[in-house]
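Following: one structure in structure tokens, then a few remarks.
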Amino acid sequence: MSCILISGGFGYIGSHTATILSEKNHKYVIVDNFSNCKRDIVDKIRKITKNKVCYYECDIRDTQSLINIINENKVTSVIHFAALKSVSESLMNPFEYYEVNVNGTISLLRAMKLTGVKKFLFSSSAAVYGEPDFCPIDENHSLKPLNPYAQTKIIIESILKDIYEAEKNWSVVCLRYFNPIGAHKSGLIGDDPLSGKSANLMPEIIKVVKGIKDYLNVFGNDYPTPDGTGIRDYIHIMDLAEAHFKALDFIDKRNGISFFNIGTGKGVSVLELKKAFENVSGLNVSIKISNRRQGDCAVCYANPKKANVMLKWKSKYDLKQMCESSWKFANRN
Ligand code: NAD
Ligand code: WQD
């Protein structure tokens with residue numbers, strides 16, 4: 001039976017993906033160093049999947065341990081989530097970002113090479129496109145990193161291209177995620193970073209309704225958009241998780257390297273997301289208009305057609321369902 005190694009499998013996207021893989025009876029083993037997740041995540045995944053969770057507390061930069069884990073579990077493919085993901089942190093501490101994201105990935109790829117595992121699914125990001133020249137963004141859009149975080153993703157994509165050029169029996173997929181929000185329907189798992197680490201829009205909205213913050217800072221209302229606030233492609237975390245299941249099937253069937261946008265193709269403004277959340281929760285989200293955040297663009301949404309056709313994947317959930325699940329998770333935690 002095949003076994004999937006999930007690096008960073010206790011994080012936001014990894015934990016939701018693990019529940020889908022379990023549902024589809026895929027065997028997996030998680031490798032995580034717990035640097036950005038809480039310990040109770042293990043028990044939560046066990047409760048959802050009604051299965052023991054096989055995992056190792058291990059840093060992806062520890063190549064020898066990865067080799068042992070791959071051999072012990074007869075790993076056949078890898079989904080690589082483990083990374084540092086804060087754009088602002090990456091500007092303040094680029095060294096750490098290159099060290100964990102780039103060196104960590106090289107360590108994992110080396111462990112795969114030494115054990116003969118050649119199927120690799122990589123978490124890339126819409127951040128690789130930088131300020132879009134056009135929307136919806138397709139995969140041929142130029143890559144223009146605006147920060148070290150985005151640069152690490154581009155470097156890793158390039159490394160993967162070179163590996164495939166040298167060894168044509170690799171099968172690699174890079175999924176470029178847009179803006180995941182929402183939570184598992186159980187309300188048990190969701191976007192749950194260690195405190196103070198996340199400043200993305202949905203966690204910020206939740207902080208306001210839970211009274212942790214007095215108001216939501218809306219970063220600019222003078223963008224060239226209908227209501228003046230920034231537009232993004234928010235995608236339900238379970239749709240994103242499902243894309244991994246489809247991509248694994250794709251990887252199993254052919255060698256090569258492919259890049260896919262994973263988004264809904266719909267743009268939603270900050271004020272529209274705030275309104276959708278208010279409608280679902282019945283609560284008011286106070287706002288304060290502040291200056292634009294450095295490095296933000298006005299509009300960014302995906303053209304997901306390539307993934308729709310080639311991965312046979314399409315987003316299913318709407319904005320209301322994204323807000324409902326985020327709110328359920330926030331209430332339970
Ligand atoms: P997350 O921080 O919630 O999860 C990452 C997991 O990796 C955490 O559990 C953390 O403990 C673990 N980890 C970090 N460094 C590690 C190391 N050196 N060794 C072992 N484990 C380590 O992040 P996420 O939101 O689940 O993102 C997963 C991936 O998707 C990342 O590569 C991220 O860059 C990418 N991504 C995320 C988003 C987003 O908005 N969440 C968007 C685009 C791309
Ligand atoms: C969304 C919109 C903000 C917070 C980031 C990364 C990207 C990817 C996803 C990893 C923007 C506005 C936000 C707030 C606000 N992650 N906003 N007040 O910046 O689109 O993408 O996460 O790969 O790489 O850059 O997401 O949620 O931070 O912002 O007004 O308190 O909400 O200006 O328009 P972003 P976000």
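The values are calculated or read from the model by the stated rules, or taken from the named source; none is laboratory data. A quick note: this is a predicted structure, and the numbers were derived from the prediction, not measured. Neighbour counts run over all protein chains shown; Cβ positions are idealised from the backbone, glycine included. We work out accessible area using only protein heavy atoms, side chains counted, and drop any ligands, DNA or RNA first. Shrake-Rupley method; radii C 1.70, N 1.55, O 1.52, S 1.80 Å.
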Inset, instruction - Would you mind telling me which numbered condition in (1) in contact (Cβ under 8 Å) with a residue 60 or more places away in the chain; (2) more than 16 Å from Pro180 (Cβ to Cβ); (3) open to solvent by less than 30 Å² (accessible area, probe 1.4 Å); (4) of a type in the set (Gly, Ala, Ser) Gly8 fails? - result: (2)
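Of the residues in the range 25-42, how many are among the aliphatic types (A, V, I, L, M) and free of Cβ contacts under 8 Å to residues at least 40 places away in the same chain? Spell out how you get there, then give the answer.
Initially, the range 25-42 is screened for residues among the aliphatic types (A, V, I, L, M), giving 29-31, 41-42.
From the residues that got through so far, the ones that are free of Cβ contacts under 8 Å to residues at least 40 places away in the same chain too are 30, 42.
The number of residues fulfilling the criteria is 2.
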Legend entry - Among (1) out of contact with any Pro (no Cβ under 7 Å at 6 or more places or on another chain); (2) in a loop (DSSP other than H, G, I, E, B), the one test that Phe122 misses: (2)
Legend entry - Among the candidates Asn68, Asn147, residue that is at pLDDT 95 or above, in contact with a helix residue (DSSP H, G or I) (Cβ under 7 Å, 6 or more places away or on another chain) and of a type in the set (S, T, N, Q): Asn147
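Residues are listed down the side, and each one gets a yes or a no for (1) away from ligand 2 (no atom under 16 Å from the Cβ); (2) under 20 Å from Met238 (Cα atoms); (3) open to solvent by 30 Å² or more (accessible area, probe 1.4 Å):
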{"residue": "His16", "(1), (2), (3)": "no, yes, no"}
{"residue": "Asp59", "(1), (2), (3)": "yes, no, yes"}
{"residue": "Ser65", "(1), (2), (3)": "yes, no, yes"}
{"residue": "Val78", "(1), (2), (3)": "yes, yes, no"}
{"residue": "Phe81", "(1), (2), (3)": "no, yes, no"}
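Regarding the range 268-279, can at least one residue be identified that is under 17 Å from the mean Cα position of the chain (by Cα) and either open to solvent by 30 Å² or more (accessible area, probe 1.4 Å) or more than 13 Å from ligand 2 (Cβ to nearest atom) (or both)?
Kept after step one, since they are under 17 Å from the mean Cα position of the chain (by Cα), are these residues of the range 268-279: none.
No, the range 268-279 has no match at all.
I'd like to verify a number: residues in the range 280-292 that are touching a helix residue (DSSP H, G or I) at 6+ places or on another chain (Cβ under 9 Å) and either open to solvent by less than 60 Å² (accessible area, probe 1.4 Å) or within 16 Å of ligand 2 (Cβ to nearest atom) (or both), how many? Walk me through how you get there before you give the answer.
Keep residues of the range 280-292 that are touching a helix residue (DSSP H, G or I) at 6+ places or on another chain (Cβ under 9 Å), which gives 280-281, 283-287.
Filter once more, keeping what is either open to solvent by less than 60 Å² (accessible area, probe 1.4 Å) or within 16 Å of ligand 2 (Cβ to nearest atom) (or both): 280-281, 285-287.
Selection size over the range 280-292: 5.
Taking the range 281-314, which residues are aliphatic (A, V, I, L, M), in contact with a Gly (Cβ under 7 Å, 6 or more places away or on another chain) and either in a loop (DSSP other than H, G, I, E, B) or without any contact (Cβ under 8 Å) to a residue 60 or more places away in the chain (or both)?
Of all residues in the range 281-314, those aliphatic (A, V, I, L, M) come to 283, 285, 287, 289, 298-299, 302, 307, 309-311.
Imposing the further condition that a residue be in contact with a Gly (Cβ under 7 Å, 6 or more places away or on another chain) reduces the set to 298-299, 302.
Selection gives Ala298 alone.
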Legend entry - Given (1) over 17 Å from the mean Cα position of the chain (by Cα); (2) under 27 Å from Thr115 (Cβ atoms); (3) within 15 Å of ligand 2 (Cβ to nearest atom), index of the condition Ile137 fails: (2)
